[in-house]
1. Of all residues in the range 115-133 being open to solvent by less than 70 Å² (accessible area, probe 1.4 Å) and in a loop (DSSP other than H, G, I, E, B), which is nearest to ILE102 (Cα to Cα)?
2. What about TYR77, is it under 18 Å from LEU184 (Cβ atoms), open to solvent by 60 Å² or more (accessible area, probe 1.4 Å) and more than 20 Å from the chain's Cα centre (by Cα)?
3. Mind listing just one residue for me: the one in the range 42-66 that is crowded, with 18+ Cβ neighbours inside 10 Å and out of contact with any helix residue (DSSP H, G or I) (no Cβ under 7 Å at 6 or more places or on another chain) and, of those, nearest to TYR121 (Cα to Cα)?
4. Please list, ordered by first then second residue, the pairs with beta carbon atoms under 6 Å, 6 or more apart or interchain, first in the range 56-82 and within 13 Å of GLN174 (Cβ to Cβ), second open to solvent by 30 Å² or more (accessible area, probe 1.4 Å) and of a type in the set (Lys, Arg).
5. Based on what the data block shows, is ASP100 under 21 Å from THR146 (Cα atoms), modelled with pLDDT of 95 or more and either of a type outside the set (Val, Ile, Thr) or open to solvent by less than 50 Å² (accessible area, probe 1.4 Å) (or both)?
6. Is there a residue being of a type in the set (S, T, N, Q), modelled with pLDDT of 95 or more and part of a helix (DSSP H, G or I) anywhere in the range 54-74?
7. Among what's in the range 83-94 and is in contact (Cβ under 8 Å) with a residue 12 or more places away in the chain and open to solvent by 30 Å² or more (accessible area, probe 1.4 Å), pick the residue that is farthest from MET55 (Cα to Cα).
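The values are calculated or read from the model by the stated rules, or taken from the named source; none is laboratory data. Computed from a prediction, not measured in an experiment: that's the story for all the values here. We place every Cβ from the backbone using ideal geometry, glycine too, and count neighbours over all the protein chains shown. These accessible areas exclude ligands, DNA and RNA; they are computed on the full protein's heavy atoms, side chains included. Shrake-Rupley method; radii C 1.70, N 1.55, O 1.52, S 1.80 Å.
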Amino acid sequence: MKNRLFPLVSLMVLVFVSCQPPAEQAAAEQPAEGPDHAAFDAKVSVIKAFLKAYMDEDMAALESLVSDTLRWSPAAYNGGNWLGKEDYLAGLQNYHNEFDNIQFHEGIDGLNDAPGASIAYWSGSVFPESTATEAPDIIRVYGTWTATHTESGTEIGAKWYGLVWVNQAGQIAQFADYFDFHGLAAQVAAE
């Protein structure tokens with residue numbers, strides 16, 4: 001009887017072990033760590049602090065929120081050249097000189113109506129698959145800028161999209177913004 005029971009028990013153990021997934025497959029089936037929401041929120045906080053300082057025309061705060069090694073791609077086409085911190089701060093100061101009551105309205109018109117919607121700040125992607133990521137390395141920011149042209153009193157507005165990279169020190173290290181740069185001049189001239 002023992003001789004017949006041993007092969008049967010061995011066969012059952014073999015079947016049980018072979019039905020278990022390999023260690024690599026078992027590890028792959030474990031849920032991924034997931035997106036780093038805390039890092040995303042921290043970077044968005046830096047961007048919001050920057051936007052507030054800009055609206056408040058606080059150049060000292062703006063300077064502290066921008067890395068000394070900033071790379072900036074302005075909205076006006078310049079041949080694809082990246083500019084530095086001094087150029088960026090000078091551009092911001094120019095807007096402060098030319099416009100009053102500069103305001104940023106977060107989000108995409110018509111999409112912010114959804115309850116709990118946060119349509120202004122995005123990061124990560126699932127497409128294309130080869131570069132999909134959950135890491136909040138680049139924050140995409142959407143909104144509308146409004147202001148009053150200082151000299152003429154003309155109210156202006158511009159839809160805006162920005163790509164912002166925030167470094168480990170909590171400073172903006174790279175920035176690219178997109179809006180109808182020449183449309184601002186057209187709105188002022190249309191007075």
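1. From the range 115-133, those open to solvent by less than 70 Å² (accessible area, probe 1.4 Å) are 117, 119-121, 123-125, 132-133; that's our starting set.
Keeping just the survivors that are in a loop (DSSP other than H, G, I, E, B) gives 117, 119-120, 123-124, 132.
Values: ALA117: 24, ILE119: 21, ALA120: 18, SER123: 26, GLY124: 29, ALA132: 36 Å.
Across the range 115-133, the extreme among qualifying residues is ALA120.
2. yes
3. VAL44
4. From the range 56-82, the pairs are TRP82/ARG71.
5. Criteria met by ASP100.
6. Yes, some residue in the range 54-74 is of a type in the set (S, T, N, Q), modelled with pLDDT of 95 or more and part of a helix (DSSP H, G or I).
7. Taking the candidates together, the pick is LEU83.
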